[in-house]
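Notes for the one structure printed next.
The values are calculated or read from the model by the stated rules, or taken from the named source; none is laboratory data. Quick caveat: nothing in here was measured; it's all calculated off a predicted structure. Glycine also receives a Cβ, built like all others from the backbone with ideal geometry; neighbour counts cover every protein chain displayed. Protein only, heavy atoms only, side chains kept; ligands, DNA and RNA dropped before computing areas. Shrake-Rupley method; radii C 1.70, N 1.55, O 1.52, S 1.80 Å.
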Amino acid sequence: MSEAITLRYTVPGDDFTRAGEASADVKRNLKRMGVDREAVRKAAIALYEGEINLAIHAGGGEITVTLTPDTIVMLLEDHGPGIPDISLAMSEGWSTAPDEVRSLGFGAGMGLPNMKKYSDRFDIQSTVGVGTTIRMEVDLA
Amino acid sequence: MKICEILAVLNARLLTPDADLEVDVHAACGSDMMSDVLAYVKDQGVLLTGLNNPQVVRTADMMDMVCIVFVRGKMPGEAILELAAARDIAVLTTDQTMFSACGLLYEKGLRGGTSHV
Ligand SMILES: Nc1ncnc2c1ncn2[C@@H]1O[C@H](COP(=O)(O)OP(=O)(O)O)[C@@H](O)[C@H]1O
Ligand SMILES: [Mg+2]
């Protein structure tokens, strides 16, 4: 593989049942391209948590996944409310998710910690009232 | 433990008729919080849950899990079953509670599995 391959998705902000479709598609595509299984799994889990966050916290957003010869690069961008205190948001168990989200199985405050844990490089930028951008990289074995 | 053994131990019902019941399950996870499930990688796992929505299948798919057991007699809808069947994930339902279902499988030797990333 000499050129980078890019996959783009728009995540809706009003349909929780569809959240995860982009991550599932990324996983399917990367698997089909023969990308290392463990790297695909790590990337898919991290991306899935990010996709759920776009749907429940940000009113939707954009996902761009780029496969280079040695890395899976995942960019999540939204124009949602932003995060006032990033280090607090990054701590395990901290969540502003309403009860209805919790009753759907999310909102345990483990999403951002999981995303960081499963990626080899993790960067989050957020401005209140403007939006949030997260960049995650998973190295291929 | 094979999926057919899980079926028998939990006196469960198979909801995805085309599933391969000879597939080996190496680890189990019981939770209604999907992020907890996503926090630990378990190879060839089974997910036991009382949660009934499509994110259960998405989570199992992301984790490369091979089987989902709905406890307390939960009946997933058609959309959930189709999603699971398309990913070769066997779906079972049992009248057992979460606690009892996990206990019964543990008793038969199935463990939590802790292989970290
Ligand atoms: N894209 C986002 N836009 C705005 N807020 C976010 C976003 N992602 C996460 N957050 C905030 O960070 C908190 C922690 O996120 P996370 O660890 O994924 O836990 P959870 O989603 O279970 O609440 C969320 O409850 C929310 O307040
Ligand atoms: Mg989250």
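Quick notes on this one:
- Candidate membrane-span-like segments in chain A, meaning DSSP H helices with Cα atoms spread over at least 20 Å of their own axis and a Kyte-Doolittle mean of 0.0 or above, are A:37-57, with no membrane implied.
- A cut-off of 5 Å between modelled amide H atoms, ignoring neighbours fewer than 5 places along the same chain, links A:V11 with A:G61, A:E62, A:I63.
- The separation of the range A:1-76 from the range B:60-117, counted between C-alpha centres, amounts to 24 Å.
- Counting only residues at least eight positions apart within a chain, or on another chain, the aspartates and glutamates with an alpha carbon under 18 Å from that of B:K2 are B:D18, B:D20, B:E22, B:D24, B:D43, B:D64, B:D88, B:E107.
- Percent antiparallel among DSSP beta bridges (both partners in the protein assembly as shown, rounded to 5): 75 percent
- Ratio of the Cα radius of gyration of the range A:5-139 to 2.2 N^0.38 Å, where N counts its residues: 0.98
- Only Lys, Arg, Asp and Glu carry charge here, each on its Cβ (+1 for the first two, -1 for the last two); on that basis the range B:66-114 has a dipole of about 200 debye about its Cα centre.
- Contour excess over end-to-end distance, with Cα ends at A:E21 and A:L88 and 0.36 nm allotted per residue: 21.3 nm
- Seen from B:L47, the other residues with C-beta closer than 12 Å to its C-beta sum to a net charge of -2, counting Lys and Arg as +1 and Asp and Glu as -1.
- Other residues within the sphere of radius under 9 Å centred on the Cβ of B:A27, judged by their own Cβ, net out at +1 (K and R +1, D and E -1).
- Gyration tensor over the Cα atoms of the range A:61-141: the corresponding equivalent ellipsoid has semi-axes (square roots of 5 times the eigenvalues, largest first) of 24, 15, 12 Å.
- Where both bridge residues fall in chain B, DSSP classifies roughly 20% of the beta bridges as antiparallel.
- Computed with a 1.4 angstrom probe on protein heavy atoms, the B-A interface buries about 2200 square angstrom of accessible area in total.
- Restraint check, A:K31/B:K74; A:K42/B:K74; A:K31/B:K42; A:K31/B:K108; A:K117/B:K74; A:K116/B:K108, Cα-Cα greater than 25 Å: A:K31/B:K74; A:K42/B:K74; A:K31/B:K108; A:K117/B:K74; A:K116/B:K108
- The range B:3-107: Cα Rg divided by the 2.2 N^0.38 Å rule of thumb: 0.92
- Excluding ligands, DNA and RNA, the accessible surface per residue across the protein assembly as shown is 45 Å² with a 1.4 Å probe.
- Put a plus charge on the Cβ of each Lys and Arg, a minus charge on the Cβ of each Asp and Glu, and nothing anywhere else: the dipole of the protein assembly as shown about its Cα centre is then about 380 debye.
- Cα lying deepest toward the dipole's positive end in chain B, options B:G103, B:F70, B:P54, charges on Cβ: B:G103
- Fully extended contour minus Cα-Cα distance, from A:Q125 to A:I5, at 0.36 nm per residue: 40.8 nm
- To put it simply, the accessible area of the protein assembly as shown at a 1.4 Å probe is 50 percent carbon and sulfur.
- Efficiency of FRET from Cβ geometry, B:D43 and B:D18, R₀ 30 Å, rounded to 0.05: 0.85
- Dipole moment magnitude, nearest 20 debye, the range A:5-139 about Cα centre, only Lys, Arg, Asp, Glu C-beta charged: 440 debye
- Modelled spin-label separation between A:T133 and A:T96, with each label point placed 7 Å from Cα along the Cα-to-Cβ direction: 2.1 nm.
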